[in-house]
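A.B. asks: Sending over a structure as structure tokens; questions will come in a sec.
The values are calculated or read from the model by the stated rules, or taken from the named source; none is laboratory data. Treat the numbers as computed from the prediction; the structure is a model and nothing was measured. Neighbour counts are summed over all protein chains in view; Cβ atoms, including those assigned to glycine, are modelled from backbone coordinates with ideal geometry. Surface areas here come from the heavy atoms of the whole protein model, side chains and all, with no ligands, DNA or RNA. Shrake-Rupley method; radii C 1.70, N 1.55, O 1.52, S 1.80 Å.
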Amino acid sequence: MASSTPTPERADPPLARRCGRGYDRAPMRQHVVDIVRRALARGAAEGRWPALATPFTVDPPRDPRHGDFAVNAAMVLAKPAGRPPRELAQGIIEAIQAEDGGRSIASLEIAGPGFVNLKLRPEVWLAALPEVVRQGAAFGRSEVGKGKRVNVEFVSANPTGPMHVGHGRGAVTGDVVASLLDWSGHAVTREYYVNDHGAQVQTLARSVHLRYQELLGRTVTMPPKSYPGDYVIEIARSILVELGPRFLDAPEAEWLDLFRERAVAHVLAMIRSDLAAIRISFDVWTSERKLYDSGTVQRFLAELEAKDLVYWGKLPPPKSKKGQPVPAAGAPNEEGIGEAEDLLLFRSSLHGDEVDRPVKKSDGTPTYFCADIAYHWDKRQRADQLVDVLGADHGGYVARLEAALEALGASRHDLHVVLIQMVNLTRGGEAVKMSKRSGNVVSLQEVVDEVGCDATRFIFLTRRADAQLDFDIELAKRQTLDNPVFYVQYGHARLARILEKAAEADAPEARFDAETLAVLTAPEEMDLVKRILSFPDLVAGAALAWEPHRVAFWLQETIGAFHSYYTQGKRTGERFIGADPVKTAARLALARSLKQVLANGLAILGVSAPERMESRDLAEDV
RNA sequence: GCGCCCUUAGCUCAGUUGGAUAGAGCGUCGGACUACGAAUCCGAAGGCCAGAGGUUCAAAUCCUCUAGGGCGCGCCA
């Protein structure tokens, strides 16, 4: 585990949090942060500049020529000190040098408006490399989330049909967010909320009954709002086979519950199977129905009343859509409910919501929202931080959930919602027709069957969650450069083959001692070493920003750097396994470290890291 | 009409929570294989970061407005 990582001492936590970004404890960077912090404190104590009021940053600059880290302390201090930043920078450099005593820093210089560019001695970087292989599959884990319980709710697709591609994106995103949080030391629960209570599952049950009648020879027409899919026929058939035709003309009350239970169980089994195909499983499945059966919702409502958070009243009239007339007062809406009647309203507008939201309908039954806040409140008791991964069409729902948490005494920040934008499925650039009406929504299963689990998962992660994603089936199957999955996996396989080849060729073994690694002097080699060592930083950052796509991009960049280095070696004749046994041993150490870090990155994404690629079969292409 | 999200190279997108001369891939053009995987790489061309103001040492990033695109908007879940 990561516990043996040389953890830099953390003198004073509040100060430590102010300096740097707080979340970042990558050993090398933290080392620099510590030195700079001590240097600044000493300078302040000596009256050379004021004590730091705002945080400074230590960041790897975009341009590697600017050094390993850029420190902005002089610019931050310029105003309070009343002196030009470049002048301050000179003093800061001297203080840093005094602090370090030449042990770890190779160079310091003033640049641009007042940055202090800092370069560590190569041996400092190289000395950290053995840790990568020593920690192996745990390299990259951190404890930034130590002791924090996080509940990640995702998918939560209604149990009325198989998962489609859009669900798949949310599923993979949620799964990897959970994985990242796990890697950064949080105690993670993956949770699925099953909406098995409302009108939609009733509709499903009725659809099954219609198909049931059909199987018994009746001619039926599926109403517009029903579920016509083939799986509905399957469910009907299984009921017919097992229980016979006795429900054909029975009143609804006699079969509705039974049909619903059967249907939901069947669909949930389908969903579990869809999820298994993309390597996703959940720790907890929470049934909305059981929240009622166990009295959780009722108790929750009582609590709301006790806290005076609800009242009986009328909802303000809706904002009309452009071009549409505002319904006359008292006119019934689509559900035939007039607006004159009172409902039980939750005071969400006190906490940032636009209006108060109903928790009980005018007929006295609880709304969906009611059960959902009860559910979130319940989750909040079980975890310190909640994450919901929702489709973007639920964006309007976030404010009321946050309001609910806040009203109940938690913080609105205890919930973070990751909104997933829609997926445009294409095939060779042509949009794939998705018609909900015909039940022809392309199922996740079909896509996974065609392109494979690895490609499906990876492609879902090649875009920020809140941006729309084009998913091209042909591209995902293609074994070429424009397919990022292939590119990254090939890089891992290539490293595996090099190490394999070295063993066969009786080449020297990888060696991690300082003397051997010291021959890794090429800029490309040091660049790779630094990239490898930045991995824990990347993972922690992606976790705390809930941004799994960062890992996918990092993998592509890192493997690209390796391919470039490798091919360059081929061109110059500086072969990976070369005549020089020391260089060979050092390069193999680099290869092992890089292979490990790629494997770990892919593990976070839930994508396999193959030891070799299957041979390309072009004959398959028509 | 109101709210939220988006707008970066011809195309698809990154941009390290405000840092230095804005980066990749694809596409285009031109190059590199007696080889440990050329399933790769190198180079060139390509930009008013949608537009206008503001905040400060510093803005693609934060605030306001405008123009386009997406989503949502009464006791459906």
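A.B. asks: Contour minus end-to-end for A:GLU94 and A:ALA306, with contour as 0.36 nm per residue of separation and end-to-end as the Cα-Cα distance? Walk me through the numbers on the way to the answer.
C.D. replies: Values: separation 212, 0.36 × 212 = 76.32 nm, distance 6.37 nm.
Length difference between fully extended and current span is 70.0 nm.
A.B. asks: Let me ask something else about it. Calculated FRET efficiency, A:ARG299 and A:THR365, Cβ-Cβ r, R0 25 Å, to nearest 0.05?
C.D. replies: Numbers: r = 16 Å, r/R0 = 0.65.
Taking R0 as 25 Å, the efficiency between A:ARG299 and A:THR365 is 0.95.
A.B. asks: Can you tell me the length gained on complete extension of the stretch A:ALA106 to A:ALA392, counting 0.36 nm per residue apart and subtracting the Cα distance? Before the final figure, lay out the partial values.
C.D. replies: Details: separation 286, 0.36 × 286 = 102.96 nm, distance 4.91 nm.
Working it through step by step, the gained length comes to 98.1 nm.
A.B. asks: Using only Cα atoms, tell me the angle between helix A:523-533 and the longest principal axis of chain A; keep it within 0 to 90° and round to the nearest 10.
C.D. replies: Relative to chain A, helix A:523-533 is tipped by roughly 50 degrees.
A.B. asks: Taking the Cα centre of the stretch A:484-616 as the origin, how large is its charge dipole in debye, to the nearest 20, when only Lys and Arg (+1) and Asp and Glu (-1) carry charge on their Cβ atoms? Spell out each step's value before the answer.
C.D. replies: On the way: 16 positive and 16 negative charges, 67 e Å.
In debye, rounded to 20, the stretch A:484-616 gives about 320.
A.B. asks: Counting other Cβ atoms within 10 Å, keep those with at most 11, restrict to DSSP loop, and tell me which GluC sites (Glu not before Pro) in the stretch A:31-104 are left.
C.D. replies: Numbers: sites: A:GLU46, A:GLU87, A:GLU94, A:GLU99; in loops: A:GLU46.
Of the GluC sites (Glu not before Pro), the ones in loops of the stretch A:31-104 whose Cβ has at most 11 other Cβ atoms within 10 Å are A:GLU46.
A.B. asks: Which whole-angstrom value gives the distance between the alpha carbon centres of the stretch A:382-403 and the stretch A:547-597?
C.D. replies: 42 Å
A.B. asks: What percent antiparallel are the DSSP beta bridges of chain A, to the nearest 5?
C.D. replies: Of the beta bridges lying entirely in chain A, close to 50 percent run antiparallel.
A.B. asks: Need one value: the accessible area of A:SER104 in square angstrom, 1.4 angstrom probe, rounded to the nearest 10.
C.D. replies: 10 Å²
A.B. asks: 7 Å from Cα along Cα→Cβ at both A:LEU216 and A:VAL432: what's the point-to-point distance in nm?
C.D. replies: 3.8 nm
A.B. asks: Once the dipole of chain A is set up with Lys and Arg at +1 and Asp and Glu at -1 on Cβ about the Cα centre, which of A:ILE459, A:VAL32, A:PHE282 lies farthest towards its positive end?
C.D. replies: It is A:VAL32, whose Cα lies furthest towards the positive end.
A.B. asks: Less than 19 Å from a label point 7 Å out along the Cα-to-Cβ axis of A:HIS413: which backbone N atoms in the stretch A:48-70 qualify, by residue?
C.D. replies: A:54-56
A.B. asks: For the stretch A:116-160, run through the trypsin sites (Lys or Arg not before Pro) and keep only the ones in DSSP coil with at most 11 other Cβ atoms within 10 Å of their Cβ. Show your work: numbers first, answer last.
C.D. replies: On the way: sites: A:LYS119, A:ARG134, A:ARG141, A:LYS146, A:LYS148, A:ARG149; in loops: A:ARG141, A:LYS146, A:LYS148.
Passing sites in the stretch A:116-160 are A:LYS146.
A.B. asks: Post the alpha-carbon centroid distance, the stretch A:233-257 to the stretch A:168-207, in whole angstrom.
C.D. replies: What the calculation gives is 30 Å, centre to centre.
A.B. asks: Sorting A:THR203, A:THR219 by accessible area (1.4 Å probe), largest first, what list results? Don't skip to the end; give the middle numbers.
C.D. replies: Working: A:THR203 40, A:THR219 135 Å².
Of A:THR203, A:THR219, the descending order of accessible area is A:THR219, A:THR203.
A.B. asks: Return one number: the angle in degrees, 0 to 90 and rounded to the nearest 10, between the long axis of the Cα atoms of helix A:165-183 and the longest principal axis of the Cα atoms of chain A.
C.D. replies: With both axes taken from Cα atoms, the answer is about 50 degrees.
A.B. asks: Any idea what the relative contact order of chain A is, in percent, if you count C-alpha pairs under 8 Å spaced at least 6 apart? Numbers along the way, then the final one.
C.D. replies: Details: 952 pairs, mean separation 92.6, N = 622.
Computed value for chain A: 15 percent relative contact order.
A.B. asks: Could you tell me the calculated FRET efficiency between A:ALA53 and A:ALA138, based on Cβ-Cβ distance and R0 = 41 angstrom, to the nearest 0.05?
C.D. replies: Numbers: r = 38 Å, r/R0 = 0.94.
After rounding to 0.05, the efficiency reads 0.60.
A.B. asks: Determine the per residue accessible area of chain A with all protein chains present and a 1.4 angstrom probe, expressed in square angstrom. Show your work: numbers first, answer last.
C.D. replies: Numbers: 29770 Å² over 622 residues.
That works out to 48 Å² for each residue.
A.B. asks: Further question: Rounded to the nearest 0.05, what FRET efficiency do A:LEU258 and A:ARG571 have when you use their Cβ-Cβ distance and R0 = 60 Å? Each step should come with its number before you reach the end.
C.D. replies: Details: r = 72 Å, r/R0 = 1.20.
Working from the Cβ atoms, E equals 0.25.
A.B. asks: If I compute solvent accessible area with a 1.4 Å probe over the protein chains, what percent of it on chain A is carbon and sulfur?
C.D. replies: Values: 15400 of 29770 Å².
The value for chain A is 52 percent carbon and sulfur by accessible area.
A.B. asks: Please determine, in degrees from 0 to 90 and to the nearest 10, the orientation of helix A:581-605 with respect to the longest principal axis defined by the Cα atoms of chain A, where the helix direction is its Cα long axis.
C.D. replies: Its long axis makes an angle of about 20 degrees.
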